[in-house]
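The values are calculated or read from the model by the stated rules, or taken from the named source; none is laboratory data. Predicted, not measured: the structure shown is a model, and the values here were computed from it. Please note: Cβ atoms are built from the backbone with ideal geometry, for glycine as well, and neighbour counts cover all protein chains shown. When the accessible area is computed, the model is the full protein with side chains, heavy atoms only, and any ligands, DNA or RNA have been set aside. Shrake-Rupley method; radii C 1.70, N 1.55, O 1.52, S 1.80 Å.
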Amino acid sequence: MAKVFISYSHDSAEHSERVLRFADALRAHGVDAEIDRYHQRPPQGWTAWCEERLRPEVSSHVLMICTPTYHDRVRNQVPADEGRGVWWEGRIIHNYIYGAKHNERFIPVLFDGAPTEHIPIGIRNDAHYRISEFDLTDPGYEALYRDLTGQGHVTKPMLGTIVPLLAREALTTFPPLVPPSRLPSAS
């Protein structure tokens, strides 16, 4: 079963509600989605809670909801007292990717028509998903769901049997490489 952690910025009350609806939809479709909104106050504190959720043994995937605010906070392009949670998560995510030298777990998600420039540069060229609606009729949501649940869009056919082909007969005589007129004389 896929266990995902959703990393996002609290851009606005509307955005936070939309991310909550996204997490609820994933859970309704059998994906064990985790989000800060499901907790009042974790006993270990928010920084330890976030770090724990980002561990590979806790979350098989981390969905990064990429917006201009998320991007700026990951890059620490905001005032020091703003967006510390996303900055913290971004540092941990970058360290996981750097240590592994590849990215299989961290998936950028763009809502609606958001441009790819909202994706942090370190994963901008990785696979990402554009989602408008949180149901399986939305092509982006369906593709993400297939990715998270290991359900490919196309089934690879079984490997067939090799067809034996007849070999051509070997040549027993070969034309000379040098024309006879250019061969050295026997005298």
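Go through (1) under 24 Å from Tyr145 (Cβ atoms); (2) open to solvent by less than 30 Å² (accessible area, probe 1.4 Å) and name the single condition Ala28 misses.
Status for Ala28: all satisfied but (2).
Exactly one of these conditions fails for Ser59: (1) farther than 20 Å from Ile119 by Cα; (2) at pLDDT below 90; (3) polar (S, T, N, Q). Give me its number.
The single condition Ser59 does not satisfy is (2).
Taking the criterion of being open to solvent by 40 Å² or more (accessible area, probe 1.4 Å), hydrophobic (A, V, I, L, M, F, W, C), in a helix (DSSP H, G or I) and free of Cβ contacts under 8 Å to residues at least 24 places away in the same chain, would at least one residue in the stretch 84-97 satisfy it?
Checking the stretch 84-97: at least one residue is open to solvent by 40 Å² or more (accessible area, probe 1.4 Å), hydrophobic (A, V, I, L, M, F, W, C), in a helix (DSSP H, G or I) and free of Cβ contacts under 8 Å to residues at least 24 places away in the same chain.
Go through (1) more than 25 Å from Ile121 (Cβ to Cβ); (2) in contact (Cβ under 8 Å) with a residue 12 or more places away in the chain; (3) polar (S, T, N, Q) for Ser7 and report which single condition fails.
Only one criterion in (1) more than 25 Å from Ile121 (Cβ to Cβ); (2) in contact (Cβ under 8 Å) with a residue 12 or more places away in the chain; (3) polar (S, T, N, Q) is unmet by Ser7, namely (1).
Among Val154, Val163, which is the only one that is open to solvent by 50 Å² or more (accessible area, probe 1.4 Å), under 25 Å from the mean Cα position of the chain (by Cα) and either hydrophobic (A, V, I, L, M, F, W, C) or at pLDDT below 85 (or both)?
Result of the check over Val154, Val163: Val154.
In this structure, does Asp72 turn out to be surrounded by fewer than 20 Cβ atoms within 10 Å (Cβ to Cβ), among the acidic types (Asp, Glu) and more than 15 Å from the chain's Cα centre (by Cα)?
Taking the combined requirement at face value, the residue satisfies it.
Starting from residues that are open to solvent by less than 40 Å² (accessible area, probe 1.4 Å) and touching a residue at least 60 places away in the same chain (Cβ under 8 Å), keep the ones in the stretch 110-143 and report whichever is farthest from Met64 (Cα to Cα).
Only one residue tops the list, namely Phe134.
Enumerate the pairs (first residue in the stretch 36-56 and more than 20 Å from Arg105 (Cβ to Cβ); second residue anywhere and among the aliphatic types (A, V, I, L, M)) with beta-carbon separation below 9 Å, excluding pairs fewer than 6 apart on the same chain, so at least 6 apart or on different chains.
Between residues of the stretch 36-56 that are more than 20 Å from Arg105 (Cβ to Cβ) and residues that are among the aliphatic types (A, V, I, L, M), the close pairs are Arg37/Val19; Arg37/Leu20; Arg37/Ala23; Tyr38/Leu20; Tyr38/Ala23; Pro42/Ala48.
Give just the number: which of (1) in contact with a strand residue (DSSP E or B) (Cβ under 8 Å, 6 or more places away or on another chain); (2) among the hydrophobic types (A, V, I, L, M, F, W, C); (3) under 20 Å from Arg55 (Cα atoms) does Leu110 not satisfy?
Unmet for Leu110, out of (1) in contact with a strand residue (DSSP E or B) (Cβ under 8 Å, 6 or more places away or on another chain); (2) among the hydrophobic types (A, V, I, L, M, F, W, C); (3) under 20 Å from Arg55 (Cα atoms): (3).
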